[in-house]
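This report concerns only the one structure given below.
A short reminder: the numbers here are calculations on the coordinates, not readings from a lab. Given the structure is predicted, the values throughout are model-derived calculations rather than measurements.
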Amino acid sequence: MSDILYEGKSKTVCRGPDDDSYIIRYKDNATAFNGEKKEVIAGKGKLNAAISNLIFEYLAKNGIETHLTKIIDDTSAVVKKAEIVMVEVIVRNIAAGSFSKKYGVPEGTALKNITTEFSLKSDELGDPMINDSQITAIGIATDDELSQMRQKALRINELLCALFLKMGIKLVDFKLEFGRCGGKIILCDEISPDSCRFWDAATNQKLDKDVFRRDLGDVLEGYREVLKRLNLSEAGNA
């Protein structure tokens, strides 16, 4: 096994085959509420890897540069070495989760416009929201980098909404991570039911990690459904 460089909540980052790459391995760990709720769910890593890889490949075909370079096996991939920008970009199309709680907007309310927000990547501080001027004030990113991240996030949202709508899934909201690589800002981390809210378009059934967060049943049932529809969509576009 390659040398482990970083052990995250849902992935392990290992030394890559060369100096410009890492290997990421998806884990079966499920966490919520900044790690307060934890469980190992057999098969979760494999599902997240398959879903994220398909989505990253779709985005790459549509002009979004990502860190993914090669799929090794069911849970591992080679990715470009990037310096992660320590803020997450959250995109919201429909009110849900913390947005509904903070602002008193009933969950499921369609927003009049897409919202974007930044949160500081810090488990210790609870990933607090942070605005542009605060981010630049403490030197996490420049105005230009934040502008690029926001523009890329909105383009990704446009592409994913179109993809998932064809699959009968609403993309409610999601979070993204970006990194610096070769003087550019590129998409990193993952896009999966761990980092997105997916609702069935007909029934509003949750197909994401909220099933785990809220103890609503078998969390992997929704993940499997997302992967099945993605595979059908890919087959239809072949």
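Using a 10 angstrom cutoff on alpha carbons, build the Gaussian network for the chain and name the most mobile of Ala162, Ala153, Ala202.
Residue with maximal mean-square fluctuation among Ala162, Ala153, Ala202: Ala202.
Could you state the number of Å between the C-alpha centres of the range 1-42 and the range 74-151?
Value for the Cα centre distance between the two parts: 21 Å.
Quick check on my link table: of Lys37/Lys70; Lys112/Lys228; Lys11/Lys184; Lys37/Lys112; Lys11/Lys152, which ones sit more than 26 Å apart, alpha carbon to alpha carbon?
Flagged as over cut-off: Lys37/Lys70; Lys112/Lys228; Lys37/Lys112.
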